[in-house]
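Student: Please read through the structure below; I'll follow up with questions.
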Amino acid sequence: VSTQSTGSSGINAEYGEKKEKTIYDDEFEKLLMEAEKQGGASVDDEDIDALAEILGASSLLGSVDISSCSRPGKETGLKSPIADARAEKVQAEVDMTETNDIEIEEALGQIKNNDASLATCCFNNVQMDAETVDSITSAMVRNTSVTKLEMCNCGVTDSAIEGFITLLQSNTTLQSLSLETNKIAGKFLVKLVQSLDTNETLKELRIANQYYSTGVGDEMAIAKALEKNTSLCKFSLNWKNGGSRNTADRFIMRNNDIARKKRQGLA
């Protein structure tokens, strides 16, 4: 059986598989051309890789972020929206059933004392009560050492969001925050993202795979809120609304372009 191809927009006659150039290809070429036109600077491999990662098949803003979104263990009671085929790829990187031996009180003491040796704080898979979560976010407000905070599958609920909002509005050191696989409702995710309007240091926010699904209105509000932030370069959410995802995608691409120009001294 023969197949017929017509280039980038060709159609496989046997399977009816359509292969076409995506909007991300066009955006990549557009941003690359713009970068090459900037005087006194060249586009290096790091820039190209960054753009390709954002705009290629493994977009940082996928409806399911398979690079980080993790499938919860059976004991959590969470229902994962991730398909089994994708979950295998994810578990190789982050296993939500893995035991975390971190001593919470010890780590909390390090955060409070601003221990310079603590740059990454990983509480993943440690179930916490509301008081413990609040203690961590309160301690992080004045911390200037921790750049990466991971609290995936910790039982974080809506009541803790105000603490995270205060953290994001006050802390100028934290660059990465992961809150995936928790129990945060859509309207509180909206408030969390809205709190980033004055934050200029957070580069990564991961809030996918929550127990509660986000509504279309929530996703639209999240996408709109991302417009006001210019530092966030990686963002995960289980998008269901294509229009909101595309809107958010543009803002994340814009931020990556801003970051590239800063690296090259063009901004």
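Student: Would you check which residues across segment 251-267 are more than 12 Å from Cys233 (Cβ to Cβ) and free of Cβ contacts under 8 Å to residues at least 24 places away in the same chain and list them?
Tutor: Listed by number, the list holds a single entry, Ala267.
Student: Could you list, in sequence order, the residues of segment 172-219 that are open to solvent by 20 Å² or more (accessible area, probe 1.4 Å) and hydroxyl-bearing (Ser, Thr, Tyr)?
Tutor: Thr172, Thr173, Thr198, Thr201, Tyr211, Tyr212, Ser213
Student: Further question: Taking the criterion of being part of a helix (DSSP H, G or I), acidic (Asp, Glu) and within 25 Å of Leu167 (Cα to Cα), would at least one residue in segment 217-226 satisfy it?
Tutor: The answer is yes; a qualifying residue exists.
Student: Quick one: which of Phe251, Phe235 is open to solvent by less than 50 Å² (accessible area, probe 1.4 Å) and in contact with a strand residue (DSSP E or B) (Cβ under 8 Å, 6 or more places away or on another chain)?
Tutor: Unique residue meeting the criteria: Phe235.
Student: Hey, another quick one. Out of all the residues in segment 202-216, which are touching a helix residue (DSSP H, G or I) at 6+ places or on another chain (Cβ under 9 Å) and not in a loop (DSSP other than H, G, I, E, B)?
Tutor: Leu205, Val216
Student: Next question. Among the residues of segment 117-147, write down those that are buried (at least 16 other Cβ atoms within 10 Å of the Cβ) and charged (D, E, K, R).
Tutor: Answer for segment 117-147, where residues must be buried (at least 16 other Cβ atoms within 10 Å of the Cβ) and charged (D, E, K, R): just Asp134.
The values are calculated or read from the model by the stated rules, or taken from the named source; none is laboratory data. The structure displayed is predicted, hence computed values, not measured ones. A quick note on method: Cβ atoms are made from the backbone with ideal geometry, for glycine too, and the neighbour counts reach across all protein chains shown. Calculation scope for accessible area: heavy atoms of the full protein, side chains included, ligands and nucleic acids excluded. Shrake-Rupley method; radii C 1.70, N 1.55, O 1.52, S 1.80 Å.
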